[in-house]
Amino acid sequence: MIRRVDTSIWPPGARWRPRSGTTRIVLRVAALIVATAIAAPIFSVTLSIFFPGGEIGRHLAQTVLPRYIINTLWLSLGVGTATASIGVGAAWLTAICRFPGRGFFNWALILPLALPSYILAYVYYDFLASSGPLQRAIRDFTGLSAGDYWFPRLSSIGGAVFILTLALYPYVYLIVRAYLSEQSPRIVEAARSLGCSLLEASWRVMLPLARPAIAVGVTLVLMETMADFGAVSLLGVQTFTTGIFRAYFSMAAPIAAAQLATILLGFVFILVIVERISRRRASFETTARPGTKSQKIRLRRGQIVLANGLCAIPVFLGFVLPVALLIDMALGVGFAGLRERSLSALINSLSIGFVAAACAASLALLMVFHARLKDSRMAVGINRVAQMGYAIPGTVIAIGTLIPLAAIDRTLSLWAEQVLGIDIGLVLIGTIGALVYAYLVRFMAVSIGSVESGFARVSGSLDDAASTLGTGPLGRLWRIHIPMVWRSMAVAFVLVFVDVIKELPATLVLRPFNFETLAVEVFNLARDERIAEAALPALILVAVGLLPVALISHGIMRLGRHRH
């Protein structure tokens, strides 16, 4: 059928273009495919609970499952309490008070985000060991022998709480500080004018106001705690993540591993529900007038010393000391520590990180642009489904990814054998594509969130003006949206790139044979107690992790200049 075009109403030289409705349909189908692919591993893990776990599953349920639950709960309780104390205290000091050093600690307190928990664990394990520098110094100073004094064991739940607290408190600090910065210090001043001391005003006024933000930050910390594998594995603490690895690799029981992952998934969903309820109850309205200079509470001399000391302790323990120890170990080994295998791991990490980040940024652009074109509950729901993976531990996603890919591999192998008469073996499992797929499931939420923030700053009137001039959806995307949101896409690329390079559990499960990344290399060397050899790859990981920290620090400094 030939479509007749009335050239009398078309400008000279104009060509027929696909209708915008066709573009919307194509985008809708593409967005649905992406969201379905992202959700498939999560639903496949959930459905595994209906399959019999066999003798191994019953054995795990009767012997180690209670230990996994108790250890995970104790670990979560300890890390949640400690991170809330440190994060809220540091946020209150830097957001409400004024003292020399406050500008430095505004951004320095987030530096521990650059160190993955497994790097902190292996550095402190070497530093605090009986043969480590700290205990050697104690023995040299006191003249005691190794068994003559008590020293805390890092290989315990308490040690894991210590490590994860140092690694995760910045989450609480950032969220609570952002909330407190929106509140006027005049609230505290008014409370103090009614006879309350500074401590009483904080306890009775500011902390109740910040309770929803504290709940959101602690919930995020708890999800990261339940998802951690590297630190708890190196410290010998048995949690759900270590149990899943043991069931899958040591016992060769994928169904039992998936069922353990389902139980862990249930804990995570409970935390997500709690976080949603807390956010619903939160009020993010500021009591400060726009454009007015924020008034801080000036601390006296003794309070200044105390405030600097309290802020310096987590920065020193969470970043300065571990990095100094890594540098010392790396210098001791020299460039011999950067072996050919480490160079290969670096190239693999950069390559897989680039591919996954580019795919995540491109798919996020598609998803967000579709939601902007079709402003409906369904479009928003599709994007929320695509963001489900970020709350799921990497171990769970890895197991969930294997289930649908294994089904596809079996189907393709059976078809090739029956139709073509050849044995094609595994097509998807154990490939780079499967690893990138798992990364997308895990980190699409980061990319979508960044791109959404960029589109939110683009006025809808620009779309209306372009539409009245005859520009179709794809034309608006290419000529208007991409030039205006490319910075947000670059941020999404950087964040996903760094997350992929640091990701450990999903990479351990899904990586192809003889394909090592920096995270896997550091973990394997630390597990084999080849601490010094792991120092240089670990420093490279820390340097890469500083990229998002620099972005966050830049945002904090710009926010501070805007307020003052």
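The values are calculated or read from the model by the stated rules, or taken from the named source; none is laboratory data. All figures in this text were calculated on a predicted structure; none of them were measured in a lab. In this analysis, Cβ positions are derived from the backbone assuming ideal geometry, glycine residues included, and neighbour counts consider all displayed protein chains. Surface areas here come from the heavy atoms of the whole protein model, side chains and all, with no ligands, DNA or RNA. Shrake-Rupley method; radii C 1.70, N 1.55, O 1.52, S 1.80 Å.
The single condition among (1) modelled with pLDDT under 70; (2) open to solvent by 60 Å² or more (accessible area, probe 1.4 Å); (3) hydrophobic (A, V, I, L, M, F, W, C) that Leu547 does not meet is (1).
In the set (1) assigned to a helix (DSSP H, G or I); (2) modelled with pLDDT under 85, the condition left unmet by Thr507 is number (2). The single condition among (1) modelled with pLDDT under 90; (2) open to solvent by less than 20 Å² (accessible area, probe 1.4 Å); (3) out of contact with any helix residue (DSSP H, G or I) (no Cβ under 6 Å at 6 or more places or on another chain) that Val188 does not satisfy is (3). Taken together, the criteria exclude Ile56 from residues that are closer than 27 Å to Gly309 by Cα and more than 25 Å from the chain's Cα centre (by Cα). Comparison of Arg98, Arg102, Arg153, Arg136 shows that the only residue that is open to solvent by 10 Å² or more (accessible area, probe 1.4 Å), closer than 27 Å to Val520 by Cα, basic (Lys, Arg) and more than 21 Å from the chain's Cα centre (by Cα) is Arg153. Give the range 504-524 a look and list any residue that's open to solvent by 10 Å² or more (accessible area, probe 1.4 Å) and out of contact with any Phe, Trp or Tyr (no Cβ under 6 Å at 6 or more places or on another chain), or say none. Once the filter is applied, which keeps residues that are open to solvent by 10 Å² or more (accessible area, probe 1.4 Å) and out of contact with any Phe, Trp or Tyr (no Cβ under 6 Å at 6 or more places or on another chain), the range 504-524 yields Leu508, Val509, Arg511, Pro512, Phe513, Asn514, Phe515, Glu516, Asn524.
Output the number of residues of the range 240-259 satisfying the condition of being open to solvent by 10 Å² or more (accessible area, probe 1.4 Å) and either closer than 26 Å to Gly78 by Cβ or hydroxyl-bearing (Ser, Thr, Tyr) (or both). Adding up the residues that qualify gives 5.
When both residues are 6+ apart or on different chains and their Cβ atoms are under 7 Å apart, which pairs have a first residue that lies in the range 508-526 and is without any contact (Cβ under 8 Å) to a residue 40 or more places away in the chain and farther than 14 Å from Ala438 by Cβ, and a second that is part of a helix (DSSP H, G or I) and aliphatic (A, V, I, L, M)? Final answer for the pair search is Leu525/Ala534.
Scanning the range 397-441 for residues that are of a type in the set (Phe, Trp, Tyr) and closer than 16 Å to Val509 by Cβ yields Tyr437, Tyr439. Scanning the range 393-413 for residues that are of a type outside the set (A, V, I, L, M, F, W, C) and surrounded by fewer than 24 Cβ atoms within 10 Å (Cβ to Cβ) returns Pro404, Asp409, Arg410, Thr411, Ser413.
Exactly one residue out of Phe493, Phe497 is modelled with pLDDT of 85 or more, of a type in the set (Phe, Trp, Tyr) and open to solvent by 40 Å² or more (accessible area, probe 1.4 Å), and it is Phe493.
Would you mind stating whether Gly87 is in contact with a Gly (Cβ under 9 Å, 6 or more places away or on another chain), at pLDDT 90 or above and open to solvent by less than 10 Å² (accessible area, probe 1.4 Å)? Against the criterion (in contact with a Gly (Cβ under 9 Å, 6 or more places away or on another chain), at pLDDT 90 or above and open to solvent by less than 10 Å² (accessible area, probe 1.4 Å)), Gly87 qualifies.
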